[in-house]
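The next block holds one structure in the form of structure tokens; read it before the comments.
Any read-out appearing in this document is the output of simple, stated calculations on the displayed coordinates, not a laboratory observation. Since the model is a prediction, treat every value here as computed from it, not as a measurement. Quick reminder, even Gly has a Cβ in these numbers, built from the backbone with ideal geometry, and neighbours come from all protein chains shown.
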Amino acid sequence: MNEKNTSVRPRLPDNDVVFVVKNPHRPGMLGRLCTVIGEEGGLIGDTQAVFIGHDHIIRQMTIAVYDGEHLGAIERAIRERTQAEILAIKDVVFEQHRGGKIAVTRTKSATSVGELRNLYTPGVARVCKAIEQNPELAYEYTMLGNTIGIFTNGSRVLGLGDIGPLASLPVMEGKAMLYHQFVGLGAMPILVDSRDPEEFVHIVEKTSVGFAGIHLEDIRTPDCFYIEEELIRRLKKPVMHDDQHGTATVLLAAVLNALKKVGRLGDDRLTFAQIGLGAAGYAIAKLLCEYGFRVVAYDPDPTAPQRAQRAGAEFVSFRDAVAADVVIATTGKVGLITPEMVQRGQIIFALSNPVPEIFPEDAIEAGAAFAADGKSVNNALAFPGLFKAAVELRADSITSAMKIAAAEAIAALAEPDELVPSPFNPAVHANVVARVKAVAQATSPG
């Protein structure tokens, strides 16, 4: 097996590729093929026979690989060490993205002259003039009341870095797809080709008119802080940077359930440590403080002490942070937390992807009471319901109370064997919407 770079790889390969292979139809041929794939570190998933003949059989085999180099090694091994013929190799991810994941489509149809006159000219003029007189009517008679704008410049895409706005479009399409699938909101990706924070703010401000809310995504630190704060100040509609607050909301839900699992929910003696004060880390520290937990923080960046203070956390050394009762790491540093650092009974969330600061199983073996990685914190549990509730309320902002309400709703729906529920559980999003609306209405002035 090719061992190159395995020290920084996830424990299991997770890039699915479909091999179409033609094998002699004789005993032992499939076993030999599977053995070679396994020896090269490939993880075999679905296997389907698509043709069975007297002399040969054709199968589609889904094999998880680490990367292109690993794929090449498996391909060579099959060709050199088995009697199988590779007919095709298909990348499952690329096949599923072909043609994009969203489209702009209609909700009404003009099938007669009368309908055309009503939906377009001259009837549309009446609706335009009514909105001119009362802009609130746009929420009822246009897409505005059901559409979110997803804005990015692609300067900090999770796991990829600064890849630019165009290369980030598949991520934005994915967010838009989830909005529609989970809560029925339309969402439009808007790619901003600028690294200037002030220009970005200006562009969003001037193009936000047609959206009920502004979802910010994949913007580098510290620009994301300024951009979000300025847009919240300038716009009278919900604005949220999902990398910050979607992550923090789901992490809070996970923390609540982890504390419950180890019997320490409600223990006010606990100290929580946030290691890493980038976009996600800062928002996590802030929301934990707002929930009422005692939070300390560490980041080697020279501006980190001021950032920690703004979040409401006490800035401490790395040594003190990693010794806290609950440790949350969002640093991107593989192996930052070693087994020797783990304290017996700790709760550890090592959230960096694709490889965490410490693998959960290593933390548990070293004495942690509970450990999880970034796979446990899926933003899709939070942002659809948060924005759906805000849009239905026509709220001016998404508040900390709304995020906490969403976290509690998410935590409450986890099954006994889950840390947080699956985003495919429809009750999750319905409950988030209902809980957030109830809390927002109860805490709204007047």
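Note on the stretch 196-345: the alpha carbon radius of gyration divided by the globular reference 2.2 N^0.38 Å gives 1.15. In terms of surrounding Cβ atoms within a 10 Å radius of their Cβ, Thr35, Thr121 rank from fewest to most as Thr121, Thr35.
In this structure, the residue pairs whose Cα-Cα separation is over 21 Å, taken from Lys108/Lys236; Lys101/Lys206; Lys101/Lys403; Lys101/Lys237; Lys90/Lys175; Lys237/Lys388, are Lys108/Lys236; Lys101/Lys206; Lys101/Lys403; Lys101/Lys237; Lys90/Lys175. For the pair Val92 and Asn15, the difference between a 0.36 nm per residue extended length and the Cα-Cα distance amounts to 26.9 nm.
Pairs of alpha carbons in the stretch 136-237 separated by more than 21 Å make up 33% of all such pairs. In a simple Cβ point-charge model (Lys, Arg +1; Asp, Glu -1; nothing else charged), the stretch 239-446 has a dipole of about 540 debye relative to its Cα centre. Within a straight-line Cα-Cα reach of under 19 Å, Lys22 can be paired with the following aspartates and glutamates, leaving aside sequence neighbours fewer than 8 residues apart in one chain: Asp46, Asp55, Glu75, Glu80, Glu85, Asp91. Net charge of the neighbourhood of Ile150, taken over other residues with C-beta under 13 Å away and scored Lys/Arg +1, Asp/Glu -1, is -3.
Kindly give Rg over Rh for the stretch 1-157, based on alpha-carbon atoms, with the Kirkwood expression for the hydrodynamic radius.
Numbers: Rg = 27.0 Å, Rh = 20.7 Å.
That ratio is 1.31, to two decimals.
In the stretch 239-446 the Cα-Cα distances spread across 10 Å bins starting at 0 as 9, 37, 37, 15, 2, 0 percent of all pairs.
How large is the translational diffusion coefficient of the chain in µm² per second when you combine the Kirkwood radius over alpha carbon pairs with Stokes-Einstein at 10 °C and 1.306 mPa s? Rounded to a whole number, D works out at 65 µm²/s.
Most fluctuating residue of Gln306, Gln133, Gln244 in a GNM of the chain with Cα springs under 10 Å: which is it? For the chain, modelled as a Gaussian network with Cα springs under 10 Å, the answer is Gln133.
Annotation: peptides 193-204, 368-379, 269-280, ranked by per-residue average of other Cβ atoms within 10 Å with the highest first, follow the order 269-280, 368-379, 193-204. Within the stretch 6-97, all pairs of alpha-carbon atoms sorted by distance into 5 Å bins from zero give the percentages 3, 13, 26, 27, 16, 9, 4, 1, 0, 0.
Scattering from the stretch 385-446 was approximated by placing one identical point on each alpha carbon and applying the Debye formula without solvent; log10 I(q)/I(0) at 0.11, 0.20, 0.24, 0.30 1/Å stands at -0.24, -0.69, -0.91, -1.25.
Between Ala371 and Ile348, the built amide H atoms are under 5 Å apart, and every one of these is 5 or more places off in sequence or on another chain. Residues Cys224, Cys34, Cys128, ranked from the fewest to the most other C-beta atoms within 10 Å, line up as Cys128, Cys34, Cys224.
Model label sites at Ser397 and Glu418, defined 7 Å from Cα along the beta-carbon direction, differ in position by 3.2 nm. Mean projected area of the convex hull spanned by the Cα atoms of the stretch 94-186, taken over all viewing directions: 8.7 nm². Ellipticity at 222 nm from helices only: DSSP H runs of n ≥ 4 in the chain, each -39500 (n - 2.57), divided by the residue count, give -12500 deg cm²/dmol. Which residues in the stretch 359-392 have a backbone N closer than 16 Å to a point placed 7 Å from the Cα of Leu160 along the Cα-to-Cβ line? Hits in the stretch 359-392 for Leu160 at 16 Å: none.
Excluding same-chain neighbours fewer than eight residues apart, the lysines reachable from Lys333 by a Cα-Cα span under 25 Å are Lys4, Lys286, Lys375.
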